[in-house]
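These notes are about the structure you will find just below.
The values are calculated or read from the model by the stated rules, or taken from the named source; none is laboratory data. Worth saying up front: this structure is predicted, and the values here are computed from it rather than measured. Quick reminder, even Gly has a Cβ in these numbers, built from the backbone with ideal geometry, and neighbours come from all protein chains shown.
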Amino acid sequence: MGFTDIFDELEPAERVRLLNQAVNRSFEPGTVIIDERKPNDAIFVVMDGEVNVEKSLPNGEKKVLAELGVGAIIGEMTFLTRGSPSASIVARTETEMLCVTHESLNTLVSQEPGLAGRFYRSIAVTLAQRLAETNKKLTQSQT
């Protein structure tokens, strides 16, 4: 899965414009990309490398909740809610990501208002798929 798969609700020309607004960012292993204690205003798409989804426990330890690779989209929940992240994202390997901020999306939407609905629908579909996968895992672990 890649950037265009995640945003497949967008027209091809809109995907190109969104890619042009995205910033390529590189992270060394161990770098905290999203900190669960700090606000996040961006969506990241893993283009190369791997990241861990980590949760801080009350005793100070960190628990790895998931390992994600190429095509993973992260930060979309806080991008939508503008709330605090539910977990941290940490680079496991050298990682290349595309980053779309609220500011860059707002610039694009001001030029093309119809894009907003398709952009947010793509994110909603991604979140719905994740929820379905989580529900399936929970159901399987109880049998």
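A few remarks follow.
- Selection status of L98, exposed (fewer than 13 other Cβ atoms within 10 Å of the Cβ) and either in contact with a strand residue (DSSP E or B) (Cβ under 9 Å, 6 or more places away or on another chain) or closer than 22 Å to R130 by Cα (or both): no
- Scanning segment 79-95 for residues that are of a type outside the set (A, V, I, L, M) and over 9 Å from the mean Cα position of the chain (by Cα) yields T81, R82, G83, S84, P85, S86, S88, R92, T93, E94, T95.
- Residue match in segment 107-125 (condition: crowded, with 17+ Cβ neighbours inside 10 Å, of a type outside the set (S, T, Y) and either within 12 Å of the chain's Cα centre (by Cα) or modelled with pLDDT of 85 or more (or both)): yes
- So E133, is it at pLDDT 85 or above, surrounded by fewer than 16 Cβ atoms within 10 Å (Cβ to Cβ) and either on the phi > 0 side of the Ramachandran plot or not aliphatic (A, V, I, L, M) (or both): no
- Any hit, segment 10-27, residues being in contact with a Ser or Thr (Cβ under 8 Å, 6 or more places away or on another chain) and farther than 24 Å from A116 by Cβ: yes
- First in segment 88-117 and among the hydroxyl-bearing types (S, T, Y), second anywhere and assigned to a strand (DSSP E or B), Cβ under 7 Å, 6 or more apart: S88/V32; S88/I34; S88/E54; T95/F27; T95/V46; T95/D48; T95/V51; T101/A42
- Checked against (1) among the small types (G, A, S); (2) surrounded by 16 or more Cβ atoms within 10 Å (Cβ to Cβ); (3) out of contact with any Phe, Trp or Tyr (no Cβ under 8 Å at 6 or more places or on another chain), A42 passes all but a single condition, namely (3).
- Summed over segment 84-143, residues that are within 30 Å of A13 (Cβ to Cβ) and polar (S, T, N, Q) total 10.
Conditions tested, residue by residue: (1) basic (K, R); (2) surrounded by 12 or more Cβ atoms within 10 Å (Cβ to Cβ); (3) closer than 22 Å to A128 by Cβ; (4) modelled with pLDDT of 90 or more.
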| site | (1), (2), (3), (4) |
| --- | --- |
| V46 | no, yes, yes, yes |
| P58 | no, no, no, yes |
| T81 | no, no, yes, no |
| V90 | no, yes, no, yes |
